[in-house]
Amino acid sequence: MKTVELLAPSGNEEAFFAAINNGADAVYLGLSSFNARIKADNFNANNIRKITHIAHLFGVKVYITVNTIIKNNEVNEFLSMIDECVNAKVDAFIIQDYGVAYLLKNRYKDIVMHASTQLGIHNLAGALVAKKLGFKRIILSRETSLEDIKNIKQNTDLEIEYFIQGALCVSFSGNCYMSSLISGLSGNRGKCQQYCRKKYAAMLNGEFISKEYHLSTKDLCLIKRLRDLVDAGVCSFKIEGRLRHVGYVSVATAIYRKIIDQNFAYSEDNILELRNAFSRGDFNYDAYLENQKSNIINSKNQNHIGTKIGKLKSFRPFKNDLYELEIETTHQLTSGDGLKLCNGDKEVMSLGVGNVIKKPGNIYKIFTKNRPIMIGLDVYLTLDAQKENVYLNRKRKLKINATITCLVNKPLSLVLEYKNIKARVFSNSILEEALTQPITKEDIIIQLKKTNDTSFEITNIDIKKENVFIAKSVLNDLRRKALEKLEKLIIEDYESKITATKNINYELDLNIKPFKLFNKAIIIDETINYKEINNNFNGLIIYASNNYKNINNKFLELKEHFKEAEFALNLPVILPYIDEKEINGVVANLDNNIYLVANNIYGLNYISTHPVIGGLGLNINNDFAIKSLSDLGVKSIILSLETNINFAKLHEDAFIYDIGYNVMMNFTHCPFIHLTGKSCESCQYSSSLEYKDEFNKSFAIRRIKINSCHFELINYRPINVYKKNNNQVLIDLRHFKNIDFINQIITNEETIKLDNEYSGLLFKSID
């Protein structure tokens, strides 16, 4: 059987021990800053060494999440934190930021870096770039197909990690600007406000469809696909959930441990336990492994709902402002259970079970301070206390052997052995022959097996004994010393193989190659009549929503019309296996002087054949990221939408997205299938689909089609920072319909007045 790593989340110490005790092979955790789950309790410099010691004692690896974007002024603080982790002998770092990868690769020898899922690696080209950047492992986007996993494994030696359980982000690989653009709190900085979990009104061709949680995804549960993933090349199964309660961590880790050990055999009971631990009604059991476009969204519930177990039969006032509820269920309710009462799809109330009385006929009487709205409500189990406690009370032990030698006129000798590691200790005094009450083997065994407060269990004891007297206190003291020594030796043996150290010759070279290209560029697509656009620009980026097949002809037309301009093709953010061949063919047929705008890591793989511009999707926001891309060979960059004005001024030779309706998120599920229930064979695509929030703000949805489709959610208002900086100007014209106004935007040297305009993020403090 192929071996696979089980990787569990640890948002705090309690979750860490739950993961360890229930069989995790590795844990991932963050420190108090610079991680994508900043709301978790997390860890710090004071306890990270203790945590790694405990993990390494059990042979469990520790991966540190530094999967956020950092700023120039944070580098010293960031490196100080990394130094603490390196000194603590952590096993690897999970990284999103190109600049962080550059810093760590240059500052530390032999450091192990894992490419975060937020780098959006989902095809072979992206994997090859990750390898160039120094990554040992890639954490694939959840949108990666089985075919793409196989292709990566067959053509690289990279380790492949894949999410098997937990929350799905609706935006491709967690790359989302919605939170930062609305609230100033960035998901790329660990502070996502989860606007995707709110209700939106779906409007199709101006007609109201429904108001539901149209951007809220089901939780992932790949329990049925584990063997497929291993056969495809996945070496690490990852459970999402650093913000989830400790019970979820214990249940999910224990169940997947059992399934892996049973050669991937699972039961419906396993699924039920996972659902009770956390689910939004039902799971997505296939993710995007088959390029699936449906069964992604759970529009009815955005929170944990658990499993339906019965009905509310009655309720009545009780004493002390309590209500007595009678619930009919075949589930054995116990104190500590969590319940929800629902009226159809609508959650009515949550309650915890305290005192519970079992009555005949599967009736349970419980008490609550809140009055239900009506009898007949559905009852859902959200926490099965009895089962969770089984997992929470587990304690992992290392099974060891003991050899004790008790000879007259010799010191007492004790050897503890774990695998090939031996710890030998001796008593301080010489043993004397017993005159009356020699110690028995049974007495020795009883004392040596007193290991309950340690991480060890002595399973076999070999006793070599003469007629001697030994005080119990001597045995206890020797046992403690031997266990301490063995623990130290096991940890030292494990950590001797971790070789990451600070590079004494470390010196950063930030000599960045000049990026200056064209000072004013516009973005257009097939919806704009380019023949009516004036030529007051010297760069033109083509955004092909549906016409990649004809893109070469389009460039010929444009070159004939705009003779003085340079041209670029905007590459799609998402490029699965079924589309890769076509795009590779398009690129191969392009003139070598046409630029490519890379909005995903895979686009950097074209540097050998075409000049490449690092696009918005790379989220470049510090000097070291710029240096990293410069070293790869990119010709220019578009700074992140989350860039502030001070950083923009430092890099005036880079592009700034000055004017336009920017993309807030990309997603690969089909909203039209979700809303209409139709299949691709009867495609309901319309360019007039939009989601409206509670403030009547309208977010348009645009389709990108090659062979497969993906979709973009567009900001409800345009960014407008034109001429507030000296950077290369980037003007996105795709959502402006009036040609006269478009020409005004292109020619005006002052700030253009736009409806609902705002300054983007250049003048905000994004956190």
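The values are calculated or read from the model by the stated rules, or taken from the named source; none is laboratory data. On a predicted model such as this, the values are computed, not experimentally measured, just so you know. Cβ: placed from backbone, ideal geometry, glycine included. Neighbour counts: every protein chain shown.
Scanning the range 356-401 for residues that are crowded, with 18+ Cβ neighbours inside 10 Å, closer than 19 Å to D337 by Cα, among the aliphatic types (A, V, I, L, M) and more than 28 Å from the chain's Cα centre (by Cα) gives I366, L377, V379. When restricted to residues that are outside any helix (DSSP H, G or I) and not polar (S, T, N, Q), the range 465-492 contains 6.
Checked against (1) assigned by TED's automatic domain parsing to the domain that holds A19; (2) more than 30 Å from Y364 (Cα to Cα), K293 meets all criteria but (1).
Please go through the range 47-81 and pick out each residue that is charged (D, E, K, R), under 23 Å from the mean Cα position of the chain (by Cα) and closer than 27 Å to A19 by Cβ.
Across the range 47-81, the qualifying residue is only K61.
Of the residues in the range 116-140, how many are without any contact (Cβ under 8 Å) to a residue 40 or more places away in the chain, in a helix (DSSP H, G or I) and among the small types (G, A, S)? Residues in the range 116-140 being without any contact (Cβ under 8 Å) to a residue 40 or more places away in the chain, in a helix (DSSP H, G or I) and among the small types (G, A, S): 1 in total. Filtered by the rule that a residue be in contact with a helix residue (DSSP H, G or I) (Cβ under 6 Å, 6 or more places away or on another chain), of a type in the set (V, I, T) and part of a helix (DSSP H, G or I), the range 52-108 gives no residues. Comparison of F672, F763, F736, F667 shows that the only residue that is at pLDDT 85 or above, in contact with a helix residue (DSSP H, G or I) (Cβ under 7 Å, 6 or more places away or on another chain), of a type outside the set (A, V, I, L, M) and over 18 Å from V573 (Cα atoms) is F736.
The set of residues in the range 574-622 that are in a helix (DSSP H, G or I), surrounded by fewer than 21 Cβ atoms within 10 Å (Cβ to Cβ) and among the hydrophobic types (A, V, I, L, M, F, W, C) comprises I578, V586, V587, A588.
Conditions (1) over 18 Å from V230 (Cβ atoms); (2) surrounded by fewer than 24 Cβ atoms within 10 Å (Cβ to Cβ); (3) in contact with a helix residue (DSSP H, G or I) (Cβ under 9 Å, 6 or more places away or on another chain), marked per residue:
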site	(1), (2), (3)
G126	yes, no, yes
K136	yes, yes, no
I139	no, no, yes
E143	yes, no, yes
D148	no, no, yes
I160	no, yes, yes
Q165	no, no, yes
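In the range 238-275, the qualifying residues are those that are among the hydroxyl-bearing types (S, T, Y) and not in a helix (DSSP H, G or I), and the one that is surrounded by the most Cβ atoms within 10 Å (Cβ to Cβ) is Y266.
Of all residues being in a helix (DSSP H, G or I) and polar (S, T, N, Q) in the range 141-164, which is nearest to I223 (Cα to Cα)? Just the residue, please.
Filtering the range 141-164 for residues in a helix (DSSP H, G or I) gives 146-155.
Still in the running and polar (S, T, N, Q): 151, 154-155.
Values: N151: 22, Q154: 24, N155: 27 Å.
Among them, the one singled out is N151.
May I ask you to list the residues in the range 694-743 that are of a type in the set (K, R) and at negative phi? If the condition is that a residue be of a type in the set (K, R) and at negative phi, then K697, R702, R703, K705, R717, K724, R734, K737 are the ones that fit. State whether one or more residues within the range 424-442 are touching a residue at least 40 places away in the same chain (Cβ under 8 Å) and small (G, A, S). Within the range 424-442 (the criterion being touching a residue at least 40 places away in the same chain (Cβ under 8 Å) and small (G, A, S)), the answer is yes, since at least one residue qualifies.
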